[in-house]
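Before any comments, here is the structure.
The values are calculated or read from the model by the stated rules, or taken from the named source; none is laboratory data. Predicted, not measured: the structure shown is a model, and the values here were computed from it. Counting neighbours? That spans all protein chains shown, and the Cβs are built from the backbone with ideal geometry, glycine included.
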Amino acid sequence: MNSREASRSLDTIENETDDVRAYIEQLENELGEKNGEIESLKEEVKDLEDRILELEE
């Protein structure tokens, strides 16, 4: 492999690495959103449980 091919291969690897990093960041953001949704749902469930207890009294 000559230096031109090696340079091209290195550029390709760097670009693919950047793509993978961007994808990981996207997944981390989506995970954060999902975790926020889960926490919100947990709060709703607790509120409903509290309401049920009040109604049972």
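If only one of ASN35, ASN2 is loosely packed, with under 10 Cβ neighbours inside 10 Å and either without any contact (Cβ under 8 Å) to a residue 24 or more places away in the chain or in contact with a Leu (Cβ under 6 Å, 6 or more places away or on another chain) (or both), which one is it?
ASN2
Tally the residues that are at pLDDT 95 or above and among the small types (Gly, Ala, Ser), restricting the search to the chain.
Residues that pass the stated criteria total 4.
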